[in-house]
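A short write-up of the structure that comes next.
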Amino acid sequence: MKIAPSILSADYVNLQQDIEKVDKAGAEYLHIDVMDGQFVPAISYGPGWLKAIRPITNMTLDVHLMVQNPERFVEQFAENGADIIGVHVEATPHIHRALQLIKNAGAKAEVVINPGTSVEAIKPLLYMVDQVLVMTVNPGFGGQKFLPETLKKIKQLDQLKQTEGYDFDIEVDGGVKNDTIVDCQKAGATVAVAGSYVFDGVDPAAKVQALKDATK
Ligand code: DX5
Ligand code: ZN
């Protein structure tokens, strides 16, 4: 299981230190939550942050766009160093085009589904994606409680990988801790985002290690 600490819960004033801690601890991805105050109520940070972060780490930069009509920003995020760009199927009438734009910009393409969206809604896209993000909370804030009913969608996607021969990663995001991560792994998830669990304490590196130990 790859671990993707979300900087949404990191210390913004000492961001470089927090990033270096999880990097040294062996986290494979760094998850970057972009919020626009429209698709979700909060505003977080934009492409400039990515440009600042890119030179200080070799971790895979995993950008989660919680923005309306994300295709407007894809090229800018790719130029600024995003390795993976995730777009919500709920955020644009042109999800296929948005995924094409990501691939054309040279990044890996991810489609994201909210807890209220079924796997059926993204079936026509599965042949073209590198990663599917199953939201395990409603997007918008860190520190929410994991929704166990989302596990069946992870299982469904894992099944489709086997029957159809797809090879996308399955990422989970929201309420992931050392217990819920085990259920996600059993269901077929291959990448786990964790924000508050990793950063809301004194030792982010120990938390990354705990997630790794739980999913060995
Ligand atoms: C929520 C974001 C998450 C958030 C997860 O909308 O997409 O990435 O940082 O936070 P935790 O791990 O605290 O639920
Ligand atoms: Zn996220």
Selection from the stretch 12-64 of residues that are within 14 Å of ligand 1 (Cβ to nearest atom), open to solvent by 10 Å² or more (accessible area, probe 1.4 Å), touching a Phe, Trp or Tyr at 6+ places or on another chain (Cβ under 8 Å) and more than 18 Å from Gly140 (Cα to Cα): Asp18
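In the stretch 105-123, which residue that is open to solvent by less than 20 Å² (accessible area, probe 1.4 Å) and assigned to a helix (DSSP H, G or I) is nearest to ligand 2 (Cβ to nearest atom)? Before the answer, list the steps.
Filtering the stretch 105-123 down to residues open to solvent by less than 20 Å² (accessible area, probe 1.4 Å) leaves 107, 109-113, 119, 122.
Keeping just the survivors that are assigned to a helix (DSSP H, G or I) gives 119, 122.
On the way: Val119: 19, Ile122: 17 Å.
For the stretch 105-123, the residue satisfying everything is Ile122.
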Which listed residue is in contact with a Phe, Trp or Tyr (Cβ under 6 Å, 6 or more places away or on another chain), not hydroxyl-bearing (Ser, Thr, Tyr) and not in a strand (DSSP E or B), from Leu101, Leu126: Leu126
Of all residues making up the stretch 130-158, the number that are crowded, with 18+ Cβ neighbours inside 10 Å, assigned to a loop (DSSP other than H, G, I, E, B), free of Cβ contacts under 8 Å to residues at least 40 places away in the same chain and within 14 Å of the chain's Cα centre (by Cα): 1
In the stretch 65-88, the residues that are in a helix (DSSP H, G or I) and either more than 16 Å from the chain's Cα centre (by Cα) or surrounded by fewer than 18 Cβ atoms within 10 Å (Cβ to Cβ) (or both): Glu71, Arg72, Glu75, Gln76, Glu79
Pairs with Cβ under 6 Å, 6+ apart, first in the stretch 188-203 and open to solvent by 20 Å² or more (accessible area, probe 1.4 Å), second part of a strand (DSSP E or B) and away from ligand 1 (no atom under 12 Å from the Cβ): Thr190/Asp169; Thr190/Ile170
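Return yes or no: is Gln162 of a type in the set (S, T, N, Q), out of contact with any helix residue (DSSP H, G or I) (no Cβ under 8 Å at 6 or more places or on another chain), in contact (Cβ under 8 Å) with a residue 60 or more places away in the chain and more than 15 Å from ligand 1 (Cβ to nearest atom)? Lay out the reasoning, then the answer.
Numbers: of a type in the set (S, T, N, Q): yes; out of contact with any helix residue (DSSP H, G or I) (no Cβ under 8 Å at 6 or more places or on another chain): yes; in contact (Cβ under 8 Å) with a residue 60 or more places away in the chain: no; more than 15 Å from ligand 1 (Cβ to nearest atom): yes.
Judged against the criteria, Gln162 is not a match.
The values are calculated or read from the model by the stated rules, or taken from the named source; none is laboratory data. What you are looking at is a predicted structure, and each value in this text was computed from that prediction instead of being measured. Don't worry about glycine lacking a Cβ; one is built from the backbone with ideal geometry, like all the others, and counts go over all protein chains shown. Note: areas computed on protein heavy atoms with side chains; ligands, DNA, RNA excluded. Shrake-Rupley method; radii C 1.70, N 1.55, O 1.52, S 1.80 Å.
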